[in-house]
Amino acid sequence: MSRPPRSCSPGRSGAPMHWDCGGCAAACRRPPARPDIRPPRSRWPARCGIRASWRNSAAEHATGTAIAAAHKVAALLEVARAADRRGTPHDVLWAVWEASGLAAEWQAASAAGGIRGAVADADLDAVVALFDAAARFAERLPHGSTWLFLDSLAGQEIAGDTLAARAPRGESVTVLTAHKSKGLEWDLVAVAGVQEGTWPDLRQRGSLLGMDELVDVVAGRDTGSAADAAAVAATARLLAEERRLFYVAVTRARTSLLVTAVGAEDAEERPSRFLAELAGEDIEIERVEGGKHRWLSLPALTADLRRATADTGLPASVRAAAAGQLANLAAVGVRGASPRHWYALTELTAPGQRITGSVRISPSRVESFTRCGLRWLLEAAVGAGSPGTAQHLGVVIHAAAALAAEGADDGEVAKRIDELWQHLDFGSSWYSSRQRRQADAMVRKFLDWHRNNPRELVAVEQKLEAALGDITITGRVDRLERDADGAAIVVDLKTGTRPSDGDLDRNPQLGVYQLAVLLGAFEQLGLTEPGGAELVHVGKAALTASVRVQAQRGLRDDPEPEWARHLVETVAEGMAGPVFTATANPGCRVCPVASCCPVDERGGQVLP
């Protein structure tokens, strides 16, 4: 059989006929039953599915054509029954199709055109679709029966799609890659996005972990100057390959070729070198101003009107007309149309005035505000920030500390970590395994320090609340201990970076912890005198196989015992004030709100 490459479309239903099913006296005049209500495979009709011995009463009213058609259907069913014993549904279809002899007849009708040709086209499309469905069924279920195939077809509420390539119908535009265009041609071809860095793309192709370089090292190949020369040669090969691919793309046009790129003096994007090579000296590259076109959206229209209103180089009538349209948009509530919402034109909420009422602070927020007021505002008050895996490690360490305080052994601690770990998301399995090894090392460090700590453990994860005028200090301490003199020692567990030893005496977080003790935050536990505070580093900041402890002396022993109180009052005043200052500090490198910061190069656009 020869099947023309056609798209799938439904065929025609069978014509009604008289039949006598297995000797049944009743004659049925209706289309064949749906496959899902046919008898099971074991109930194929005994002879050929439809007996050719028609009753005399039925034969008297049937024409010779109908009788011939019935005989033909009976023969085809016999062919299907025989093919079903030894083949797949796809084989059954092939056997029936070849025995039917319809291929040449329908192809001739299709070539002749007209109404009969259109009907033949639809029939051939339906046959091709049926064969494709049978082939997919055989791939999914190699041992599936013909009845199962028919049942799956009858149960489809939406016609199954196909991944086979189809010829476009009517006028259309083909969108495809340069690789896919090989061997094809069109009258008009547009090659878009010819940007440097994208075309040519000179990035070295390789694996995530650099397996090619690893193989060179294991094989003892020179990874010095010879490797540099090899890298240069590889780049040259990539450039030549990209140039050949560009040549393929631009030679697909029979009549017209359009090549586009974007770029500007103050933009990172720039046209590819291939664009100039293609134009040469004979073709002038047309430069199209980007301002002539804009997105057909309300925000884009509002931006254009605002730009025209503020452009002093435009005629006064144009600026007035743009302002009038902005007023119309603002009247119906379009966002950004009213000058009241424009950046750098709005007044401060309460210039020079402090927000009245109580101010709630915490030791960690005091430290954050001290480093940078703007970052504190965007992180704490607005909720900006970026979640990190360091928080996951902190959860694990604090869980281990709580279990250790209850007297749990190493096995119980490890079991609890296993329970927690499956709920933590590290992005990938290999990174999760790496972090798990790091967490196990941190836990071992902490447990060793915990067992050798001579002080009395009073509480873990203890809430604190203390009042200082209209300021409320709230928070939670990791560990609260009592030293030999009965003074309170606040311990804060750290998994990240550590401060310098020179700044430890004025560490804001530890100082606020001690002030809270002095203000009676733990009076119910019998601790009212601060004896100091400690940072216990269990991560890489320890730089050793054991923990590193940074201790802050007690406020009573400090030459300026009131420094923590003054710090809290100053920070609370700043938090309640109208202005928040951006301060450059070492934490700017990993700041999650740097794009909103005027002192960082990533946030330069926020300057008025």
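The values are calculated or read from the model by the stated rules, or taken from the named source; none is laboratory data. Everything numeric here is computed off the predicted structure, so don't read it as measured data. Methodologically, a virtual Cβ is constructed for each residue, glycine included, from the backbone with ideal geometry; neighbour enumeration extends over all protein chains shown.
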- Task: Sort through R476, R506 and tell me the only one that's without any contact (Cβ under 8 Å) to a residue 24 or more places away in the chain and basic (K, R).
- Result: R476
- Task: Could you pull out the residue among E419, E412 that is over 32 Å from the mean Cα position of the chain (by Cα) and either assigned to a loop (DSSP other than H, G, I, E, B) or at pLDDT 80 or above (or both)?
- Result: E412
- Do we have R498 as closer than 20 Å to I473 by Cα, at pLDDT below 90 and surrounded by fewer than 20 Cβ atoms within 10 Å (Cβ to Cβ) here? no
- Task: Kindly provide the set of residues from segment 511-538 that are within 46 Å of the chain's Cα centre (by Cα), of a type in the set (V, I, T) and at pLDDT below 90, ordered by number.
- Result: V536, V538
- Considering each of W430, W449 in turn, give the residue that is within 23 Å of V490 (Cα to Cα) and either in the same structural domain as Q391 (by TED's automatic domain parsing) or not in a helix (DSSP H, G or I) (or both). W449
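Evaluate segment 317-325: report whether one residue or more is farther than 30 Å from P586 by Cβ, at pLDDT 85 or above and among the basic types (K, R).
Yes, because at least one residue in segment 317-325 is farther than 30 Å from P586 by Cβ, at pLDDT 85 or above and among the basic types (K, R).
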- Run E481 past the list (1) surrounded by 16 or more Cβ atoms within 10 Å (Cβ to Cβ); (2) in contact (Cβ under 8 Å) with a residue 40 or more places away in the chain; (3) acidic (D, E) and report the number of the one that doesn't hold. (2)
- Message: Checking the condition over 30 Å from V443 (Cα atoms) and assigned to a helix (DSSP H, G or I), which residue from G574, G587 passes?
- Response: G574
- Among the residues of segment 505-526, write down those that are over 14 Å from L555 (Cβ atoms) and among the hydrophobic types (A, V, I, L, M, F, W, C). F522, L525
- Message: Among the residues in segment 90-109, are any small (G, A, S), assigned to a helix (DSSP H, G or I) and either under 45 Å from the mean Cα position of the chain (by Cα) or loosely packed, with under 15 Cβ neighbours inside 10 Å (or both)?
- Response: yes
- Quick one: would you say L480 is more than 22 Å from H398 (Cβ to Cβ) and at pLDDT 90 or above? no
- Task: Check off (1) touching a strand residue (DSSP E or B) at 6+ places or on another chain (Cβ under 8 Å); (2) farther than 30 Å from V395 by Cβ for H566 and give me the number that stays unchecked.
- Result: (1)
- Count of segment 550-584 residues which are closer than 30 Å to I489 by Cα, within 44 Å of the chain's Cα centre (by Cα) and surrounded by fewer than 13 Cβ atoms within 10 Å (Cβ to Cβ): 1
- Message: What's the total number of residues in segment 518-542 that are over 26 Å from L447 (Cα atoms) and either part of a helix (DSSP H, G or I) or among the acidic types (D, E) (or both)?
- Response: 4
- Among the residues of segment 471-500, write down those that are at negative phi and outside any strand (DSSP E or B). D483, A484, D485, A487, T495, G496, T497, R498, P499, S500
- Query: Of the numbered conditions (1) more than 22 Å from S362 (Cα to Cα); (2) in contact (Cβ under 8 Å) with a residue 24 or more places away in the chain; (3) in a helix (DSSP H, G or I), A545 satisfies every one except a single condition; which is it?
  - Reply: (3)
- Query: Within segment 431-451, is there a residue that is over 29 Å from N585 (Cα atoms), of a type in the set (A, V, I, L, M, F, W, C) and in contact with a Phe, Trp or Tyr (Cβ under 7 Å, 6 or more places away or on another chain)?
  - Reply: no
- Quick one: would you say T389 is at pLDDT 80 or above and under 28 Å from V590 (Cα atoms)? no
- Task: Looking only at segment 407-429, count how many residues are over 23 Å from R451 (Cβ atoms) and surrounded by 11 or more Cβ atoms within 10 Å (Cβ to Cβ).
- Result: 3
